[in-house]
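The values are calculated or read from the model by the stated rules, or taken from the named source; none is laboratory data. Everything numeric here is computed off the predicted structure, so don't read it as measured data. Neighbour counts are summed over all protein chains in view; Cβ atoms, including those assigned to glycine, are modelled from backbone coordinates with ideal geometry. Areas reflect the complete protein model, heavy atoms only, side chains present, ligands, DNA and RNA absent. Shrake-Rupley method; radii C 1.70, N 1.55, O 1.52, S 1.80 Å.
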Amino acid sequence: STRVRSSAASDVYKRQLYAFASAFFAGVTAVLAKLGMEGVNSHLATALRTIVVALFGWAMVWVAGSSGAVGALEPRSWLFLILSGLATGGSWLCYFRALQLGEVNQVAPVDKSSTVLTMLLSILLLGEAAHWNTLLGMGLILAGTLGMLQRKPRERASSGWGWLPWAVLSAVCASLTSILGKVGMTGVDSYVGTAIRNMVVLAMAWALVLGLGLQREIPTLSRKNWGFLAVSGVSTGLSWMFYYRALQEGPASVVAPIDKLSILVTVGFSCLVLRERLSRRAAAGLLVLTCGTLLLLL
């Protein structure tokens, strides 16, 4: 029994490590993408980043020797992976549009509030348990998010909240991504599942770019644009790789909150690199949001 307990504890630490790694790379991604999108249409930037993410995903499949698992996928897995990819594509397109319109430390809290919706859906649809700390943590996350919502002094009243609808849509799509991904990844190699999802996002993003004629703007991109978009793509690939491995190892109601701690990385990097600043109210909101997230891990 001692060996069984030791093995169980090892599995818990392993999935938490995967989730924390996902959080770090997701947090870095937002700042790198913000730098790469300067002067570039957000939808085009998303499509270009996704090329890197897709290539990275299939490279991991090859390194892990998991390519043979593609042919073994059942129709149900294909369905939910494709649906999860469509939700991911919607989330990315909305998120990076929001980043282009607002500051990183404005957009990130709203996007991370998808944790609450993810947990509600996981409880209702996946039958995962809801305890006192779950409900209290969800309340604190919502309170912290609202505390961080405020217009910057230099913003005009007519356009200061233009980023908000995009951030909300991003959060909704992100929560659907987690649930659909959890279902689709059951019994599926995590690297293969992530790579397939990335291909769906790639097709979706480029369909939008071509439909809007945005490909004509590609020659105008600077080396800085290309560099930061490429690095942010790699960071995204690493984040999703660890995230879906964590989902495969543990419940969505535990993995999603840890992943959302990426907001600490995002805010920290935005302050250091982009020179964005938090007001006292926003800092208090961040503290409440973080406490709510940590409470979910009890």
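LEU278 meets each of the listed conditions (1) part of a helix (DSSP H, G or I); (2) more than 16 Å from TYR18 (Cα to Cα); (3) in contact (Cβ under 8 Å) with a residue 12 or more places away in the chain apart from (1).
Within the range 42-60, the set of residues being of a type in the set (Val, Ile, Thr) and either buried (at least 22 other Cβ atoms within 10 Å of the Cβ) or modelled with pLDDT under 90 (or both) comprises THR46, THR50, VAL53.
Look at the range 216-237: where a residue is over 24 Å from MET199 (Cβ atoms) and a partner is open to solvent by 50 Å² or more (accessible area, probe 1.4 Å), sitting 6+ places away or on another chain with Cβ atoms under 8 Å, you get THR220/GLY39; SER222/GLY39; LYS224/GLU38.
Table: residues versus (1) closer than 26 Å to THR115 by Cβ; (2) β-branched (Val, Ile, Thr); (3) modelled with pLDDT under 90.
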residue: ARG154; (1), (2), (3): no, no, yes
residue: ALA174; (1), (2), (3): yes, no, yes
residue: VAL183; (1), (2), (3): yes, yes, yes
residue: GLY187; (1), (2), (3): yes, no, yes
residue: MET199; (1), (2), (3): no, no, no
residue: LEU212; (1), (2), (3): no, no, no
residue: ILE218; (1), (2), (3): no, yes, no
residue: LYS224; (1), (2), (3): no, no, no
residue: SER232; (1), (2), (3): yes, no, no
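In summary, no helices (runs of 4 or more DSSP H) completely within the range 163-269 bear 3 or more residues that are polar (S, T, N, Q), surrounded by fewer than 22 Cβ atoms within 10 Å (Cβ to Cβ) and out of contact with any helix residue (DSSP H, G or I) (no Cβ under 8 Å at 6 or more places or on another chain). Close Cβ contacts (under 6 Å, 6 or more residues apart or on different chains) running from residues in the range 58-87 that are touching a residue at least 24 places away in the same chain (Cβ under 8 Å) to residues that are open to solvent by 70 Å² or more (accessible area, probe 1.4 Å) and not polar (S, T, N, Q) comprise ALA87/LEU176. Only one of the listed residues (ARG97, ARG76) is more than 18 Å from LEU261 (Cα to Cα), at pLDDT 90 or above, open to solvent by 60 Å² or more (accessible area, probe 1.4 Å) and of a type outside the set (Gly, Ala, Ser). That residue is ARG97. Looking across the range 30-41 at every residue that is assigned to a helix (DSSP H, G or I) and open to solvent by 10 Å² or more (accessible area, probe 1.4 Å), the one that is nearest to LEU238 (Cα to Cα) is identified as LEU32. Residue count for the range 104-131, restricted to those that are within 14 Å of the chain's Cα centre (by Cα) and outside any helix (DSSP H, G or I): 1.
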